[in-house]
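Remarks on the structure that follows.
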Amino acid sequence: MIEIYLFVNPIGKKCLSIERRIISLINEYDMKIQLRLIPIMNLKTVSEFMQRIGASEKDIQLRTELSQEIHSAALDVKAAHLQGKKRGRDFLVELQKTVGEQKQPYSKKMAIQLFTKVGGDLEMFLEDRHSAFVQEAFLTDQQIAHEMQITCHPSAVIYNYGSDSDAGIRIEGCDTIHHILDTYNTKESLIAFLESQSKDRPIRQSDIDNHLSLI
């Protein structure tokens, strides 16, 4: 079995493109792949997001607003996941599509509309959204990201439990993830790639630009 930890910005467009590819891969390949979508927020990821949207990192007011939006959206996602992985994933995709692609401003009202759209229990969602459990789950996610040394989004950590090694492969950045999915675009080549990296064989730097490592 393969387990993928995908660390994302819950309102980011680039993260959505990666999620779509991995979900498509899961549906296409006849193999057991468990996907864990983890929304993250820290100073570096907020700064990176500001660069992507062309904002000045010195804009303290915007930084504060974005941090609050990402944090609130992450709590929305955690609450949605309590009603099942598929519903949580569908909600995250709708949220990123609406804010990231369609550039509609995030709001709690929007989150409610989108959760209703994916067919969840709204009363339960609102109750969970403001619970201590969801806040603790969010903090746990940030601790996982810290322990795996995640510094940007999207980033993935992949464990191949079919190999002899228990090491995870960390892949950082949208371009690097797309490059690997483009290069190893069959079930067989992807498994061979994961097995080769788990054995800590040397990687050509020009191929992945130093954004792949073992943890």
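Of note:
- Of the residues LEU16, MET41, ILE26, the one whose Cα sits farthest toward the positive end of the charge dipole of segment 1-92, with +1 on the Cβ of Lys and Arg and -1 on the Cβ of Asp and Glu, is ILE26.
- With every protein chain in place, the chain: carbon and sulfur % of accessible area (1.4 Å): 51
- Kyte-Doolittle mean at least -1.0, axial Cα span of 20 Å or more - DSSP H helices of the chain: 13-28, 60-81, 132-147
- Beta bridges by DSSP in the chain, antiparallel share as percent, to the nearest 5: 65
- Remark: for residue pairs LYS14/LYS85; LYS32/LYS97; LYS13/LYS44; LYS13/LYS58, the C-alpha separation exceeds 19 Å in LYS14/LYS85; LYS32/LYS97; LYS13/LYS58.
- Contact order relative to length of segment 69-156, as percent, for alpha carbon pairs under 8 angstrom and 6 or more apart: 34
- Accessible surface area normalised per residue over the chain is 52 Å², counting heavy atoms of protein chains with a 1.4 Å rolling probe.
- Taking the charge dipole of the chain about its Cα centre, with +1 at Lys and Arg Cβ atoms and -1 at Asp and Glu Cβ atoms, the residue from PHE115, SER155, ILE177 reaching farthest to the positive side is PHE115.
- At full extension, ALA167 and ASP121 could sit 12.7 nm farther apart than now, given 0.36 nm per residue minus the alpha carbon distance.
- Net charge dipole size for the chain [Lys, Arg +1 and Asp, Glu -1 on Cβ; Debye, nearest 20]: 460
- Using C-alpha pairs below 8 Å separated by at least 6 residues, the relative contact order for the chain is 26 percent.
The values are calculated or read from the model by the stated rules, or taken from the named source; none is laboratory data. No experiment lies behind these values; they were computed from the predicted model shown. Don't worry about glycine lacking a Cβ; one is built from the backbone with ideal geometry, like all the others, and counts go over all protein chains shown. For the accessible areas, the whole protein counts, side chains as well, though only heavy atoms, and no ligand, DNA or RNA atoms are used. Shrake-Rupley method; radii C 1.70, N 1.55, O 1.52, S 1.80 Å.
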